[in-house]
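Note sheet for the following structure.
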Amino acid sequence: MDGRERFFAAADALGCLVCPKCGHPLVRAGDNLSCGSHLWNVNRRGTVNVLSFPHRDAYDAELFAARRQVFRAGCYLPVLEALEDLLPAGPQRILDAGCGEGWYLSRLLADRPECSGAGADLSRDAIHAAAAQPCTALWCVADLRRLPFADGSFTCVLDILTPASYGEFRRLLAPGGCLIKVWPAEEYLREIREARGLPLYRDAGVGGWLGQHARIDAQRRVTVRVPVGPALWAAFVTMTPLNQDLTAEEKRRLIHMPRERVTVDLNLARCRFG
Ligand SMILES: [Zn+2]
């Protein structure tokens, strides 16, 4: 199946696309999605861009290539295992909000074929990379504050290291659905922070906020110290948004100060609203 047909297969399985401009259901019209008034092209890769404003990616293709390298090396497998552990049983309808190159969603759908899924990201490069993942999911370039899905479309929303749009997540969750939130714990990427002279992550109060506004029914903390050679160190340095403020020269210097380990330290919480 080519990319576009895979997109329409995923859209059929979910059956919840709505026009981000007018809110009417979107149906297939040739290579497009149509609400009757607006057309959205599904490209050959099998993605759709529903952004209503021009957006220049802060994250470039090089960053996503580095992320692929880090994921392929298995550095985040313990995080995936914790996610699988938190994902409720049964045929879930999963939205990965801020899915990046789609590694988590793709792996979850591979391990849980009874589930269906969609991934959305503001970055076109990310969604292009996601469309190359070996799974049938609906990938779209979209504003996380205004996603092209009907109310109550998903039983589970994943928010992995992405600024949250809690109002939109609540709108998209079906009754009884859950949000699985992943955010940095204190030692996340400590070796990179130390090499840059930065303090450890300060708790931004995510857990406290969730505890006040939602019901947390399960929590995990994943802490792994990943052994890295120079190539994997370089990939970590390149992939993290933490280093987006560095010039190319500063980044090169950091790449040439490899450490032997990188700490992945993340909090996960599964919570429900209302
Ligand atoms: Zn419309």
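The values are calculated or read from the model by the stated rules, or taken from the named source; none is laboratory data. If you're wondering where the values come from, they're calculated on a predicted model, not measured in any experiment. So basically every Cβ, Gly included, is an ideal-geometry build from the backbone, and we count neighbours across all protein chains shown. The protein model used for the area step is the full one, side chains on, heavy atoms only, and it has no ligands, DNA or RNA in it. Shrake-Rupley method; radii C 1.70, N 1.55, O 1.52, S 1.80 Å.
Suppose the filter is among the basic types (Lys, Arg) and more than 17 Å from the chain's Cα centre (by Cα); does residue 145 pass it?
Numbers: among the basic types (Lys, Arg): yes; more than 17 Å from the chain's Cα centre (by Cα): no.
Against the criterion (among the basic types (Lys, Arg) and more than 17 Å from the chain's Cα centre (by Cα)), residue 145 does not qualify.
For residue 61, are the conditions met, namely being more than 14 Å from the ligand (Cβ to nearest atom) and either open to solvent by less than 80 Å² (accessible area, probe 1.4 Å) or in contact with an Asp or Glu (Cβ under 6 Å, 6 or more places away or on another chain) (or both)?
Values: more than 14 Å from the ligand (Cβ to nearest atom): yes; either open to solvent by less than 80 Å² (accessible area, probe 1.4 Å) or in contact with an Asp or Glu (Cβ under 6 Å, 6 or more places away or on another chain) (or both): yes.
Yes, satisfied.
Restricting to segment 121-140, name every residue that is under 20 Å from residue 239 (Cβ atoms), open to solvent by less than 30 Å² (accessible area, probe 1.4 Å) and either of a type in the set (A, V, I, L, M) or not in a loop (DSSP other than H, G, I, E, B) (or both).
121, 126, 127, 129, 130, 131, 139
Just to be sure before I move on: is residue 7 open to solvent by less than 20 Å² (accessible area, probe 1.4 Å) and among the aromatic types (Phe, Trp, Tyr) in the structure I sent?
Against the criterion (open to solvent by less than 20 Å² (accessible area, probe 1.4 Å) and among the aromatic types (Phe, Trp, Tyr)), residue 7 qualifies.
Of all the residues that make up segment 195-207, how many are more than 17 Å from residue 162 (Cα to Cα) and exposed (fewer than 14 other Cβ atoms within 10 Å of the Cβ)? Write out each step before concluding.
Let us first name the residues in segment 195-207 that are more than 17 Å from residue 162 (Cα to Cα), namely 195-200.
If we keep only those that are exposed (fewer than 14 other Cβ atoms within 10 Å of the Cβ) too, we end up with 197-199.
Total meeting the criteria: 3.
Could you give every pair whose Cβ atoms fall below 7 Å, whose first residue belongs to segment 142-155 and is closer than 16 Å to residue 100 by Cβ and free of Cβ contacts under 8 Å to residues at least 40 places away in the same chain, and whose second residue is of a type in the set (Lys, Arg) and surrounded by fewer than 17 Cβ atoms within 10 Å (Cβ to Cβ), counting only separations of at least 6 or pairs across chains?
Taking only residues 6 or more apart or on different chains, not a single pair turns up.
To keep it simple, each residue is scored yes or no on (1) surrounded by fewer than 14 Cβ atoms within 10 Å (Cβ to Cβ); (2) in a helix (DSSP H, G or I); (3) within 16 Å of the ligand (Cβ to nearest atom).
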{"site": "56", "(1), (2), (3)": "yes, no, no"}
{"site": "78", "(1), (2), (3)": "no, yes, no"}
{"site": "84", "(1), (2), (3)": "yes, yes, no"}
{"site": "107", "(1), (2), (3)": "no, yes, no"}
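What are the pairs, 6+ residues apart or on separate chains, where a residue within segment 24-51 that is over 11 Å from residue 4 (Cβ atoms) and of a type outside the set (A, V, I, L, M) has its Cβ under 6 Å from a residue that is within 12 Å of the ligand (Cβ to nearest atom) and open to solvent by 70 Å² or more (accessible area, probe 1.4 Å)?
Close Cβ pairs (under 6 Å, with a partner that is within 12 Å of the ligand (Cβ to nearest atom) and open to solvent by 70 Å² or more (accessible area, probe 1.4 Å)) amount to 35/24; 38/21.
Surrounded by 19 or more Cβ atoms within 10 Å (Cβ to Cβ), of a type outside the set (D, E, K, R) and within 16 Å of the ligand (Cβ to nearest atom): which single residue out of 33, 14 fits that description? It would help to see each step written out before you state the result.
Values: 14 fails: within 16 Å of the ligand (Cβ to nearest atom).
Unique residue meeting the criteria: 33.
Can you name the condition, by its number, that residue 40 falls short on among (1) within 16 Å of the ligand (Cβ to nearest atom); (2) outside any strand (DSSP E or B)?
With (1) within 16 Å of the ligand (Cβ to nearest atom); (2) outside any strand (DSSP E or B) applied to residue 40, the lone miss is (2).
Could you list, in sequence order, all residues of segment 129-161 that are in contact with a Leu (Cβ under 7 Å, 6 or more places away or on another chain) and among the polar types (S, T, N, Q)?
153
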